[in-house]
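Trainee: Could you have a look at this structure, given as structure tokens, before my questions?
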Amino acid sequence: MPAKPDPTSPARRRTRSARTTAQFEVFSALVVAAEQFERELVALLREDELSVSQYNILRILRGAGPLGLACGQVAGQLFRHDPDVTRLMDRLEKRGLIERTREVQDRRVVRTRITPPGLELLDGLDAPVDHLHERQLGHMSERQLSSLKTLLTEARTREE
């Protein structure tokens, strides 16, 4: 009976093209950078007992102004999909950082707004978050940052 081929032998390893290797290396670099950046943001937000998703919701609602947004509109703007936006909002509402009210014209629509304490918390986080981003990306020029943003946008908006 012939011996089984060794799966670790060079003859068994698949040869990858330079392009395939480059694609994997870019993917790996993105994942590592994103996880490092997020860990640092998580540590900063922990002091205020906020998750990254809760922080993002507050930012979105601040940008929406006094009219606020419906829950689905907030969910559509999150930078990371979260299937339980309502639960996140429940926690923020319990802390008095947001308020939700039903629309008079259409009672099915619940409008969410950031409250003055929510604005105060977010305003207090602006400088530390800006400082964090400066530590993370301050070594890059504005031109490099713009190019990186363009490349990342192009990478994620590919045609299916």
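Trainee: Given the convex hull of the Cα atoms of the chain, what is a quarter of its surface area in nm²?
Mentor: Details: hull surface 66.3 nm².
It is 16.6 nm².
Trainee: Within the range 65-151, which GluC sites (Glu not before Pro) sit in a loop by DSSP and count at most 16 neighbouring Cβ atoms inside 10 Å? Working shown, then result.
Mentor: Working: sites: Glu93, Glu99, Glu103, Glu120, Glu134, Glu142; in loops: Glu103.
Sites meeting the loop and neighbour criteria: Glu103.
Trainee: Something else now. How large is the helix-only mean residue ellipticity at 222 nm for the chain, computed as the sum of -39500 (n - 2.57) over DSSP H runs with n ≥ 4, divided by its residue count, in deg cm²/dmol to the nearest 500? Before the final figure, lay out each step's value.
Mentor: Values: 6 runs with 96 residues, N = 160.
Helices in the chain give a 222 nm mean residue ellipticity of -20000 deg cm²/dmol.
Trainee: To continue, here is another question. What is the magnitude of the charge dipole of the chain about its Cα centre, with +1 placed on the Cβ of each Lys and Arg, -1 on the Cβ of each Asp and Glu, and no other charges, expressed in debye to the nearest 20? Numbers along the way, then the final one.
Mentor: Numbers: 26 positive and 24 negative charges, 160 e Å.
It works out to roughly 760 debye.
Trainee: Given a 1.4 angstrom probe, what's the average accessible area per residue across the range 71-121, in square angstrom? Don't skip to the answer; put the middle values down first.
Mentor: Numbers: 3490 Å² over 51 residues.
Roughly 69 Å² per residue, with all protein chains present.
Trainee: Just how far, in whole angstrom, is the range 69-121 from the range 127-160 if you go by their alpha carbon centroids?
Mentor: The two parts, judged by their Cα centres, are 27 Å apart.
Trainee: Follow-up question, since we're still on this one. From the phi angles alone, apply the Karplus equation (6.51, -1.76, 1.60; θ = phi - 60°) to the range 86-101 and give each ³J(HN,Hα) in whole Hz, x where the residue is Gly or Pro.
Mentor: These are the phi-based 3J(HN,Hα) values: 4, 5, 4, 5, 4, 5, 5, 5, 4, 7, x, 8, 9, 9, 10, 9 Hz.
The values are calculated or read from the model by the stated rules, or taken from the named source; none is laboratory data. It should be emphasised that the depicted structure is a prediction, and the values quoted were computed from it without experimental measurement. A quick note on method: Cβ atoms are made from the backbone with ideal geometry, for glycine too, and the neighbour counts reach across all protein chains shown. Each accessible area value is taken on the protein alone, full model and side chains, heavy atoms only, with ligands, DNA and RNA left out. Shrake-Rupley method; radii C 1.70, N 1.55, O 1.52, S 1.80 Å.
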